[in-house]
Amino acid sequence: MKFKNIKSHLFLILSLFIFSSAFAQPWKNQLTLDHRLVKKADNKATLIIKATVVSGFHIFSVDHDPAKADFTGQPTAIELLEPSKNIKLIGKLKDSKKPLIHKDEFGTSLWFEKNVEFIQEIEVLTDKSFDLTFAFSGQICDDNGCVFVEKDIKVNFKDFKIADATPTTPEISTETEPQATVAGELTETFTPETADTTQGKESIDLEKTASKAGDEEAKDFSWLLIFITGFGGGLIALLTPCVFPMIPMTVTFFTKQSGTRKKGIINALLYGVSIIVIYVAIGLIITAIMGPAGLNDLSTNVWMNLFFFVIFMVFAFSFLGAFEIQLPSSWVNKADEKSDKGGLIGIFFMAFTLSLVSFSCTGPIIGTLLVESSQSGMMGPAVGMAGFALALAIPFTLFAIFPGWLNSLPKSGGWLNSVKVVLGLLELALAFKFLSGVDLAYHWGILTREVFIAIWIAVFLTIGLYLLGKIQFAHDTPIVKLSVTRFMFALTALVFTVYLIPGMWGAPLRLIDGIAPPRTHSEDNFRFVRGESNGGGAMATDTLFAQYKKDMHEVDGDIYVFHDLEKGQEYAKKANKPILLDFTGYNCPNCRRTESTIWTDPKVSPILRNDVVIISLYIDDKTKLPKEEWKYSKALESEMRTVGNKWGDFQVRRYGQLSQPLYVVTDPEGNDLIEPFGYTPNVDKYLELLSEGVNNFTKK
């Protein structure tokens, strides 16, 4: 691609750079299942499933009652995937030994540590060989949270001839469980007769069981988008005054110092690889230092958002020419000295010198990329930095291999400073995205949607007028002749400005979903545009809805949601409807995109208005809890003092997840009807998952 074409697509790349999205880290390989079928006399058999959990985890008894433990913990269960005429289940699934009884502030739980066997008695109705598949389900937990487990277990009833069966002595584990921490009733111990004839072993991969089908596809798409975003950021960095002039200087070095063309090509390739290694290492170091919780904080924590607002404002004013940000000159000098050594080490430090020298221009781009990519989990920053480094490395490498192409490069000049100014203005606009999250979390009501959009209108209008030469900043060169490329960028900025204007009066503005505050965060909820809403679809005429309306909050699409778990469950019980549990956050762009594009879709919104009760729990809500409710959270490893802490503790304990959005359909008692699922940008897929939960409730 020619350099002029790169410039002409700058705004498209910037848009992709701003609107990038991401998404959660499940656990894996914490549970192993063994199963065996035991033949007995009198046409009977026993299916024994042994569960072994790693140290620190526990699995729940079949008799565990979630209602007695603040709806925490799913009892272990099995069921036939399809009805069979070949067998009959005798009684229910049983534990092989007494469970631990654990009592805390949330209630009483029955669970096992290390290992336990679950036993199902069976009557066999035929002598023929056949296979049956049982669905094993349950939940394992540790101090940090819980993960659901589902696994199909195939059992072979081979040559089941009752006349040949001989009862034998049981081989059930005699290991003694530790004493329960609180005295209480223990469940009955069952010791079935065993004769091991058919057995198998299944290793549970929790990365598959913790996420609904389709999550891996969403993750892959997210990483691809992060890589493309990083690549776009690298192309932008190339156009800055700190990087662009380095291209001919570096190429000249390789052509003069390498001696032969072959050596020059090898050195150029090593230089490009060094750039990639350096920036990917930065992403990996950030990931290793912060960990999954830290990465989640990077994109959702209120104080982190306030910090990034300040940082982005500083970089914006630097780009506009108010001052210059530079790393200590001693760092650059030391790296430059080592680059003189030659060989692989010298080439590596040449690349390292480039990264230091260009920091004042690439810093804001890298910072934005790291913040946005952190939402896609542990590998997000590394993937984003790989894209950034690749875009940065390709031109240096190609021009070193084909030095004649240098003649096609535009000369350095005033246009480089124009690129820097435009980037500064974009940084200024993006900074208010972070401040908006803080405003929402603390309910200040200062940066409403109208104010936010007004700021963006002013910024993009300024970009358009600046590119047309109507406004000038420090270090700008007067525009003698307006180029077509510059005019097209100015026109794009002005068109985007016009697009934003209707948002002042309630237009959806889908292009900035997840960046601007939601439409309900306006000075009067835009009721002067759409009229006073009765809300709730079919619920609008319901006296029960009228009774609880004060406890609800209206979102886009005439949809009402609860923000209190107990109130929402109370309403759902009286209305006899399932619950859509929505773990969300004010600083969650994907949550806002779901609400404004998926929830308002004509295929989804009728279900949300009429068939479910939505309970939206904001993990970053900074409203203070009453002091008597303050207590230490093992899941969060900190004291719960805010409403957000309370819901965060509940999410981690119940679902073992740190990220938002997380959706799960439950019954009014809190029993899950489907596996939790995360950000699902596809309307049909979201509808399928939502409908599955509603249908499962109807069947109960």
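Results, tabulated for the structure shown:
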| item | result |
| --- | --- |
| Count of residues meeting criterion [assigned to a helix (DSSP H, G or I) and within 18 Å of LEU423 (Cβ to Cβ)] in the stretch 448-483 | 12 |
| Matching option when the condition is in contact with a Ser or Thr (Cβ under 8 Å, 6 or more places away or on another chain) and either crowded, with 20+ Cβ neighbours inside 10 Å or of a type outside the set (Ser, Thr, Tyr) (or both), among ASP667, ASP582, ASP564, ASP611 | ASP582 |
| Residue that is farthest from GLY437 (Cα to Cα), among those in the stretch 504-563 that are at pLDDT 75 or above and of a type in the set (Ser, Thr, Tyr) | THR543 |
| Search result, residues across the stretch 484-511 that are touching a helix residue (DSSP H, G or I) at 6+ places or on another chain (Cβ under 6 Å) and either outside any helix (DSSP H, G or I) or not assigned by TED's automatic domain parsing to the domain that holds ALA454 (or both) | GLY506, LEU509 |
| Options LEU423, LEU482: the member that is surrounded by 15 or more Cβ atoms within 10 Å (Cβ to Cβ) and either at pLDDT 85 or above or under 38 Å from the mean Cα position of the chain (by Cα) (or both) | LEU423 |
| Strands (runs of 3 or more DSSP E) lying entirely in the stretch 75-182 (those with 2 or more residues that are surrounded by 15 or more Cβ atoms within 10 Å (Cβ to Cβ) and at pLDDT below 75) | 145-157 |
| Elements of type helices (runs of 4 or more DSSP H) contained in the stretch 262-373, each with 2 or more residues being surrounded by fewer than 21 Cβ atoms within 10 Å (Cβ to Cβ), outside the structural domain of ALA474 (by TED's automatic domain parsing) and at pLDDT 65 or above | 302-319, 343-357, 359-373 |
| One residue from LYS128, LYS50, LYS88, LYS44 being within 35 Å of the chain's Cα centre (by Cα) and charged (D, E, K, R) | LYS50 |
| Filter result for PHE650 (touching a Leu at 6+ places or on another chain (Cβ under 6 Å) and under 29 Å from PRO517 (Cα atoms)) | no |
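Residue-wise test of (1) assigned to a helix (DSSP H, G or I); (2) of a type outside the set (Gly, Ala, Ser); (3) within 20 Å of LEU93 (Cβ to Cβ); (4) modelled with pLDDT of 70 or more.
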{"site": "LEU12", "(1), (2), (3), (4)": "yes, yes, no, no"}
{"site": "SER15", "(1), (2), (3), (4)": "yes, no, no, no"}
{"site": "THR32", "(1), (2), (3), (4)": "no, yes, yes, yes"}
{"site": "HIS35", "(1), (2), (3), (4)": "no, yes, yes, yes"}
{"site": "ALA45", "(1), (2), (3), (4)": "no, no, yes, yes"}
{"site": "ILE49", "(1), (2), (3), (4)": "no, yes, yes, yes"}
{"site": "THR52", "(1), (2), (3), (4)": "no, yes, yes, yes"}
{"site": "ILE59", "(1), (2), (3), (4)": "no, yes, yes, yes"}
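The values are calculated or read from the model by the stated rules, or taken from the named source; none is laboratory data. This structure is a prediction, so every number in the text was calculated from the model and none was measured. Virtual Cβ from ideal backbone geometry, glycine too; neighbours counted across all protein chains shown.
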